[in-house]
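Below is one structure, written out as structure tokens; the observations come after it.
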């Protein structure tokens, strides 16, 4: 019946990198089911031949010239870093490589 | 809902550089002020081209304040959007809206009705596009380069799990809901049905606006179907909360400028009406014209009811001692 | 019930070829040499201190927005034209979304269903001069990620305690060129893969849109390999070997994957669709991670950027700036340099056309340029496991060495040593020759003494020479070289011997 199952939410939360408790997953599955049920009508509202509009602006070709601008110093770059070492941002171990 | 003048400039009129992004194709910065003139003055200050924002318009900034001070609406065709009234709209809100129309008519404006059939799907399209873009824009808050970093309470300390814990702790319920909804709408197998269809609805809404602006100089609607709901009232029913955006969303999707002006009280809370103007002087060519954002300002001036007067001594109204705001004849000039 | 077999000993290449036909798919990433990044004005530079070539946009700070580098777009159009592609009238950027710490926004701005160039081809010249046409699916623009360093453990990602991120490379403009499936390559698949990447490298270098230094990652190749039984037409499951960063590695990686696939398939197993990592030391690949749900990249059009519309006028202007196509260039150079066919083919196969051309343009004779690049420079590069171009030998150095030889100051053998010392950072050839006292012994005194000594010690040889067997002089040159520590000029030695014996040279 529901468009979105608890397992779906779990998968989506993994994709979105948000840890969720069992309770949160269940609650959100219920809420999203209602919302999705309401918004899914859009697919019936349009036909094949309607072009998509990704943007309200009809502008194209907005470019920047290839001229070097200001840069951060190492200190500025790392100013807000939760953790750093050797001028680099430090992060916990990565499980697998892209 | 708040009894203030709220401005939504044409998409691209105010640079988004520096603004924390929610939905890039919808976000637009606009002033919230006590009076239309204040809003216009502020708008003029923040508008203008910014090379750091690719979606920034290059047009010259018009004299918004001058437009806000303009009082003459004689002969102006004001289009009432058929789809943004009636069912689902609170009685008091509709009554205040009628009063606004009467005031405009008295001041010499011509009221016509326009049909925007695709607006029916605007809310659905919006609640697919907005969460999709938000889910992406908010991905950068992962505790790697800046901001809060939260370590998981137990288990191995891997970057994946630290990002998960950080984002779980940093985002609130509604934000998480939008991120998950947006992630869903963009995921493989659903993109065409959801995000893709929503983008097509967007085209239809733009076409509706273009057609409407063939018949009217400006459009008008209530700002929201009901007055503000109580704090925390709809937390368990996000959909009901979303429904309150129904009247402002079409313009948001089309990038059309608008302004919401307080229009008296309904059930003791401020009601407002919105005026929308074409973002292009000549639809359907859709070249943003330099004079266009002036239009909504010109009908926000005195003849329209601004009964939540900014000079009310106890402004802003705040419960529980919310004063019965008087229906004043106050104007701004 | 046993699990499906996914590993087995690789077959020999010959056995693999006897049973299977390979299908290749090559994805080549080219880092552009623009002054600034793809979407921000931070410098695009290599080798600087970590996190100093970044600005708020490259770090993905809140509120920042991208703006497209016009030069990068023009470079992409030029590359598309050089690859005989159609250029899209309209194209857009899209967000490819995945969380990874080297990706500051947690999406890569790339192009998805609307690449700027598509449907092209490249005629690749193989070692024997045969031409193989590789069809190009698309070429699209995107941005590079930052650089991760893994600390603790072995320095590799597995087992590392933590990682460090430098975002200097984040946002550097990339063009990714994707081939259509390369079918019918047969046993020449590895050679075709290498020749293709080499041709791409030549083109981007000729277009001057990339430094094209593979050892720096300016040109990187992901090689997709699958096998199908001989005569079949349905493709097998493919593996994708990532970041194969030298021409030789491309050839080796494809060879290894063909052998590995053949081994697994012949043993009745099946290939896992996965990414694999190239290991240069063992010339093998190792399993990366399988393709999974986590690969749902949730592409959507980048709403912070607007479409790019290419007018015919713009494209034609860029087309007019294109350099001569490599095939025509080869024809011209072959004629100009006057090499024998085999010599020229070797140069092409070694990927040294540009290096030799540059050296000749700087004033060296074609023969000298070929001698050095195909000879000692290649040998030294090979010994150091580098591409010849990566050694850093400049045309000026070669010309200087040749000049020293011509002037009789050093001989070939010494010159080779000088080059090696030069690469070890001892200075210019002239400086090395004088600092190490390597100048050929040409002052007659010392040389004559050495010759006299050699003649005294080899009376039998002297007798032969005196008897008219001039070739026997060669036997005296060795001892003279030994005496002078190799610094004698062979011609001079011959002259002195003949003069001593009163024979007319």
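Read-outs: derived from the displayed coordinates by stated rules, not from any lab. What you see is a predicted model, and the numbers here were worked out from it, not measured in a lab. Methodologically, a virtual Cβ is constructed for each residue, glycine included, from the backbone with ideal geometry; neighbour enumeration extends over all protein chains shown.
If we count other beta carbons within 10 Å of each Cβ, what is the order of C:485, B:69, C:138, C:319, fewest first?
Going from sparsest to densest Cβ surroundings: C:485, C:319, B:69, C:138.
Apply the Debye scattering formula to the protein assembly as shown, with a single equal point scatterer on each alpha-carbon and no solvent, then give log10 I(q)/I(0) at q = 0.05, 0.07, 0.09 Å⁻¹.
Per q value, in the given order, log10 I(q)/I(0) is -0.42, -0.72, -1.04.
Using the scaling law 2.2 N^0.38 Å as the reference, what is the normalised Cα Rg of the stretch C:444-501?
Rounded to two decimals, the normalised Rg is 0.97.
Count, for each residue of C:92-104, the Cβ atoms from other chains sitting within 10 Å of its Cβ, then give me the mean as a whole number.
Taking the mean over all residues of the peptide, I get 5.
Quickly work out the residue C:383-to-residue C:420 label distance, labels modelled 7 Å from Cα along the C-beta direction, and quote it in nm with one decimal.
About 0.4 nm, to one decimal.
Would you mind getting the Kirkwood hydrodynamic radius of the stretch C:212-354 from its Cα pairs, rounded to one decimal in Å?
Hydrodynamic radius (Kirkwood, Cα only) of the stretch C:212-354 equals 19.5 Å.
Using only the Cα atoms of chain C, what are the Rg and Dmax in Å?
Rg then Dmax for chain C, in Å: 28.2, 93.
Determine by what factor the alpha-carbon radius of gyration of the stretch C:324-435 differs from 2.2 N^0.38 Å, reporting the quotient.
1.07
Once both labels are modelled 7 Å past Cα along the beta-carbon direction, what's the residue B:120-residue A:75 spacing in nm?
Modelled inter-label distance: 6.3 nm.
Just subtract the alpha-carbon distance of residue C:70 and residue C:446 from 0.36 nm times their residue separation and send over the number in nm, one decimal.
Full extension of this stretch gives 128.8 nm more.
If I stretch the segment between residue C:187 and residue C:435 completely, what's the gain in nm (0.36 nm per residue apart, minus their alpha carbon distance), one decimal?
Length gained between residue C:187 and residue C:435: 84.1 nm.
Could you list, bin by bin from short to long, the percent of Cα-Cα pairs of the stretch C:398-445 in 10 Å steps?
Here the calculated profile for the stretch C:398-445 is 30, 58, 11, 1.
Strictly greater than 19 Å: what percent of every Cα pair in the stretch A:29-95 meets that?
Value for the stretch A:29-95 (Cα pairs over 19 Å): 72 percent.
Modelling each spin label as a point 7 Å along the Cα-to-Cβ direction, I'd like the residue B:20/residue C:49 distance in nm, to one decimal.
The two pseudo-label positions are separated by 3.1 nm.
Can you compute the FRET efficiency between residue C:340 and residue A:48 using 1/(1 + (r/R0)^6), with r the Cβ-Cβ distance and R0 = 56 Å? Round to the nearest 0.05.
0.35
Once you treat every alpha carbon in the stretch C:204-248 as an equal point and sum by Debye, what is log10 I(q)/I(0) at q = 0.17, 0.18, 0.20, 0.30 Å⁻¹?
Relative scattering, expressed as log10 I(q)/I(0), comes to -0.63, -0.66, -0.71, -1.02.
Can you tell me the relative contact order of the stretch C:444-501? Whole percent, Cα pairs under 8 Å, sequence separation 6 or more.
Taking the mean separation of contacting Cα pairs over the length of the stretch C:444-501, I get 37 percent.
Evaluate E = 1/(1 + (r/R0)^6) for residue B:191 and residue B:112, where r is the Cβ-Cβ distance and R0 equals 30 Å; express this FRET efficiency to the nearest 0.05.
For R0 = 30 Å, the calculated efficiency reads 0.15.
Restricted to Cα positions, what overall size does the stretch C:117-223 have along the principal axes? Three whole-Å values, descending.
50, 30, 21
Taking Cα pairs under 8 Å and at least six residues apart, what relative contact order does chain C come out at, in percent?
15
Rank these for me by crowding, C:15, B:133, B:60, A:48, going from fewest to most other beta carbons within 10 Å.
The order, fewest Cβ neighbours first, is A:48, B:60, C:15, B:133.
Can you give the convex hull volume per residue for the Cα atoms of the stretch C:174-235, as a whole number of Å³?
93
How tilted is helix C:189-206 with respect to the longest principal axis of chain C? Cα atoms for both, answer in degrees (0 to 90, nearest 10).
90
Applying 1/(1 + (r/R0)^6) with R0 = 30 Å to the Cβ-Cβ distance of residue A:6 and residue B:240, what FRET efficiency is obtained, to the nearest 0.05?
Step by step, r from the Cβ atoms, then E = 0.85.
How much length is gained on full extension from residue B:211 to residue B:63, taking 0.36 nm per residue of separation minus their Cα-Cα distance?
50.6 nm
When a footprinting reagent is the concern and you count Cβ atoms within 10 Å, what order do C:410, C:131 take, fewest first?
Arranged by neighbour count, lowest to highest, C:410, C:131 become C:131, C:410.
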